[in-house]
Every structure is written in C-alpha cells, then in structure tokens.
Amino acid sequence: MSARAKRIGITGVAGFIGSNLADRLLREGYEVAGFDNLSYGVREQVPDGVAFHRVDIREREIYDLFGGLDVLFHLAAKNCIADCQEDPLETSDINVTGTVNVFEAARRADVGKVVYAESSALYEGSTTMPTPESELRPQSFYAVSKLAGMAFAQAYQRFFGLRMTALRYFGVYGPRQDYRRTIPPVMSAFIIKLLRGERPSIYGSGNKRRDFIYVDDVNDFHVRCIEDERTDGEVYNLGTGVNYSVREIYDEIAAQLGSTIEPDYRPDLPGEAQANLADITAARALGWEPQVDLREGLRRSIEFIRREVVTGA
Ligand SMILES: NC(=O)c1ccc[n+]([C@@H]2O[C@H](COP(=O)([O-])OP(=O)(O)OC[C@H]3O[C@@H](n4cnc5c(N)ncnc54)[C@H](O)[C@@H]3O)[C@@H](O)[C@H]2O)c1
C-alpha cells in the first residue's frame with residue numbers, strides 16, 4: 001500500500017512525542033487523526049491538518065472514532081514518574097484501564113495495527129547495561145502500569161490476533177519536550193532556567209546516567225513500524241546506546257549558552273533509576289540508526305525553547 005493511502009491515528013497527539021510524530025507523518029503524506037483529552041498536552045501543539053478529537057482514552061466514545069485507521073500509535077499516558085508515585089490509582093486508571101480500552105476499541109474497529117508506547121522504566125531495577133528487551137525489572141508505579149499494558153497487549157495479540165509493535169523509549173528529547181510540568185524533564189528544565197539567567201536544580205548527585213534519544217530519530221523508527229512488517233509482534237528499545245550523566249548534560253547546555261551559573265543540588269526524586277542504557281541491537285537489525293548526537297540535539301532544543309518558550313512567553 002502506498003504511504004499516501006494510509007490513515008494513521010495517534011492517542012496523546014497534543015503531547016511531546018505525539019505532536020512531533022503528527023508533524024512528520026503529515027509531511028510524508030499520511031492522513032492523521034489525533035486523540036487527546038488535553039490533560040497535559042495543549043491544543044496549539046496539534047499540527048494543522050490533524051483531524052483532532054478531544055476525548056479521554058478511558059471513555060467508550062473512542063469506539064466510534066478508530067474506524068478506517070491502518071495504524072494506531074497509542075502514546076497517551078500519565079507519564080511523570082513523580083506524579084505517578086503520588087497517585088497509583090489514577091496511574092492505573094489511565095495507563096492500564098485506558099490502554100485496555102484503546103486496544104479494545106482498536107479490535108472492534110478492525111484497526112490494522114497498534115504501536116504501543118512502553119518505556120525504559122521497565123528496566124529501572126536492572127543492572128545489566130546496555131539493557132536488552134528481555135530484562136524486565138519495573139519498580140515505580142509508572143513502570144508497573146506500563147508492564148500491565150504490555151501484558152494486555154500480548155493477550156490481545158494472542159487471543160484476537162491484533163497486530164502490534166511495542167516500543168521502549170529511553171529519554172526522548174527535542175522541540176516541545178514537556179516543559180510545562182511541575183518538574184520538567186532535565187533538558188527543558190536546564191535550558192529554560194539558564195536562558196532566563198536563573199539557577200536550575202539538579203535532583204540527586206547529578207551522577208545519574210541517561211540514554212537520551214532525539215525525537216526525530218524516534219520518528220524514523222515510527223515510520224518503519226508503519227511500513228516494515230518485520231516489526232509486527234516485536235518489541236524494540238529506542239535509545240542511542242550511549243549515556244551521559246545529568247551533570248554532563250548540564251555542562252553541555254551551559255557551554256552552548258555561554259553560562260557560568262552553577263546548579264542548585266536538591267534531594268533525589270523518588271522512583272528514578274540511577275542509570276539507563278539501551279541495547280539497540282534489535283532496532284539496528286532493521287537498518288535503523290540514530291542520526292542526531294547529543295550536541296546537535298541540544299542545539300536544536302535550545303533554539304526551539306529560545307524561540308517558542310522564553311522569547312515567545
Ligand atoms: N518522553 C519520553 O522520554 C518517554 C520515555 C518513555 C516512554 N514514553 C511514553 O511515550 C508516550 C508519549 O510520551 P510524551 O513524552 O509525548 O508525553 P506527554 O505527556 O507529552 O503526552 C502524553 C499525552 O497524553 C495525553 N493524555 C494523558 N491522559 C490521557 C487520557 N486519559 N486520555 C487522552 N489523552 C490523555 C496528554 O494530554 C498528553 O498530551 C507515553 O506513553 C509515555 O509514557 C515517553
């Protein structure tokens with residue numbers, strides 16, 4: 001089937017990854033339908049050209065909305081680890097019950113394929129680095145909710161033959177990375193504060209190491225999930241296979257901004273792993289390779305935040 005004939009759905013389309021994915025798919029000539037309750041994401045982030053539905057994934061209303069979709073990316077989730085630790089019940093309600101509702105709606109509407117967003121949080125308790133897809137050690141409520149979603153995804157494949165691919169994103173960053181949260185992800189938090197001449201906070205020692213992947217590289221893989229049938233029934237880590245400490249990230253951002261401001265060290269946040277590092281052998285075997293290194297990715301992120309957040313505010 002040609003790319004132009006494909007209709008793609010995205011839950012969580014107003015969020016960071018969903019809105020970037022929608023941009024990319026529209027550029028490539030796909031038709032895009034998007035679903036989001038705007039609890040975290042904002043309407044202005046949904047690109048023009050997306051058929052947008054403001055809807056909660058927990059509602060039965062979604063059963064009527066997925067008809068005719070060739071592929072559905074299920075990205076909507078409650079996903080700030082600290083918030084999930086505060087409210088395990090809502091975490092389960094959105095990430096487990098909501099996810100099952102999405103799979104059920106996809107089955108009823110005969111959606112061709114579902115791509116489900118899992119997370120590197122599934123490896124929180126692992127000390128095997130780089131971590132292969134087989135090494136499941138979830139700890140936090142967020143991670144446990146993703147594990148439950150994974151188990152339902154497998155059951156929908158087993159009993160209903162729903163075609164699926166599961167993706168375990170490591171730290172995705174780039175334009176629109178959620179900078180509105182109480183505690184934004186490190187990169188946006190550092191960039192915003194330093195651009196404003198304020199002192200950013202580092203939670204913990206700054207020695208935690210993270211594998212960060214630029215959102216365009218993740219989208220390269222998303223497109224493969226639509227086009228390459230070898231991805232059916234499989235699970236893939238999406239990282240770079242290289243990690244950096246939080247302090248190294250800080251220093252790179254400060255260097256790019258010419259800032260000498262020192263961070264304010266605060267107590268560690270609950271539930272976060274000390275290190276992560278992706279084993280990307282499986283994704284590489286399909287011919288995928290991350291293209292954007294940390295320096296370039298941060299340069300582009302700074303440009304976005306300077307233009308859209310700090311100057312535009
Ligand atoms: N960003 C990362 O580094 C990362 C890493 C691992 C996994 N993930 C996963 O990738 C997916 C997308 O992450 P993101 O960074 O774009 O997050 P995000 O918070 O920017 O976007 C999630 C979107 O889902 C929407 N949403 C939440 N609850 C909903 C509900 N009940 N009904 C409808 N919409 C709802 C929010 O409004 C938001 O727009 C999530 O499933 C997340 O767990 C992200």
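Here are the numbers for this structure:
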{"read-out": "Rounded Å value of the spacing that divides the Cα centres of the stretch 127-166 and the stretch 90-119", "value": "13"}
{"read-out": "The stretch 68-157 - charge dipole about Cα centre, Lys and Arg +1 at Cβ, Asp and Glu -1, debye rounded to 20", "value": "240"}
{"read-out": "Inverse mean reciprocal Cα-Cα distance (Kirkwood Rh) of the stretch 13-129, Å", "value": "15.1"}
{"read-out": "Backbone N within the stretch 138-166 under 16 Å of label point (7 Å from Gln274 Cα along the Cβ vector)", "value": "139"}
{"read-out": "Of Ile253, Gly239, Phe212, farthest towards positive along the dipole that unit charges on Lys, Arg, Asp, Glu beta carbons give the stretch 207-313", "value": "Ile253"}
{"read-out": "Degrees, to the nearest 10: 294-304 long Cα axis against longest axis of the chain", "value": "90"}
{"read-out": "Dipole of the stretch 1-135, positive end: most advanced residue of His74, Ala33, Ser134 [Cβ charges, Cα centre]", "value": "Ala33"}
{"read-out": "38 Å tail of the calculated P(r), the chain, as % of Cα pairs", "value": "9"}
{"read-out": "Helix axis angle, 246-257 relative to the chain longest principal axis, alpha carbon, degrees", "value": "70"}
{"read-out": "Amide H contacts under 5 Å for Thr131, placed H, 5+ residues apart", "value": "Leu277, Ala278, Asp279"}
{"read-out": "Accessible solvent surface per residue of the stretch 231-297, calculated while the other protein chains remain in place, 1.4 angstrom probe, Å²", "value": "48"}
{"read-out": "Table column - 3J(HN,Hα) (Hz), the stretch 199-209, Karplus curve with 6.51, -1.76, 1.60, x for Gly and Pro", "value": "9, x, 9, 10, 8, x, 7, x, 8, 4, 10"}
{"read-out": "Taking the chain and dividing mean pair separation by its residue count, relative contact order in percent (alpha carbons under 8 Å, at least six apart)", "value": "17"}
{"read-out": "For the stretch 54-188, diffusion coefficient by Stokes-Einstein and Kirkwood Rh (Cα), 10 °C, 1.306 mPa s, µm²/s", "value": "101"}
{"read-out": "Fraction of accessible area attributable to carbon and sulfur, the stretch 127-265 (%, probe 1.4 Å)", "value": "50"}
{"read-out": "Lys/Arg +1, Asp/Glu -1 at C-beta; the stretch 96-206 dipole; positive extreme among Tyr123, Gly112, Gly149", "value": "Gly112"}
{"read-out": "Whole-percent carbon and sulfur share, accessible surface of the stretch 18-61, 1.4 Å", "value": "39"}
{"read-out": "With Cα atoms, 0 to 90° folded angle of helix 16-27 axis to the chain main axis", "value": "60"}
{"read-out": "Arg199, Arg107, Arg247, ranked by accessible area, largest first (probe 1.4 Å)", "value": "Arg199, Arg107, Arg247"}
{"read-out": "The chain: most fluctuating residue of Ser39, Ser134, Ser188 per GNM, C-alpha cutoff 10 Å", "value": "Ser134"}
{"read-out": "Fully extended contour minus Cα-Cα distance, from Ala82 to Glu229, at 0.36 nm per residue", "value": "49.3 nm"}
{"read-out": "For Thr128, net neighbour charge (Lys/Arg +1, Asp/Glu -1) across residues whose Cβ lies under 15 Å away", "value": "-2"}
{"read-out": "About the Cα centre, charge dipole magnitude for the chain (Lys/Arg +1, Asp/Glu -1 at Cβ), debye", "value": "220"}
{"read-out": "Å² per residue, accessible surface of the stretch 7-155 at 1.4 Å", "value": "39"}
{"read-out": "DSSP beta bridge pairing in the chain, given as percent antiparallel to the nearest 5", "value": "5"}
{"read-out": "Under Karplus coefficients 6.51, -1.76 and 1.60, residue-wise ³J(HN,Hα) of the stretch 216-223 in Hz, glycine/proline x", "value": "5, 5, 5, 5, 4, 6, 4, 5"}
{"read-out": "Per-residue ³J(HN,Hα) for the stretch 55-64, Karplus 6.51 cos²θ - 1.76 cosθ + 1.60, θ = phi - 60°, Hz, x for Gly and Pro", "value": "7, 8, 5, 7, 8, 5, 3, 5, 4, 8"}
{"read-out": "Within the chain, helix-based [θ] at 222 nm, where runs of 4 or more DSSP H residues each add -39,500 (n - 2.57), nearest 500", "value": "-10000 deg cm²/dmol"}
{"read-out": "Contact order relative to length of the stretch 1-101, as percent, for alpha carbon pairs under 8 angstrom and 6 or more apart", "value": "31"}
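The values are calculated or read from the model by the stated rules, or taken from the named source; none is laboratory data. Being a predicted model, the structure only gives us computed values, none of them experimental. Every residue, glycine as well, gets a Cβ built from its backbone with ideal geometry; the counts of neighbours run over all protein chains shown. Remember, those area values only see protein heavy atoms, side chains included, never the ligands or the DNA or RNA. Shrake-Rupley method; radii C 1.70, N 1.55, O 1.52, S 1.80 Å.
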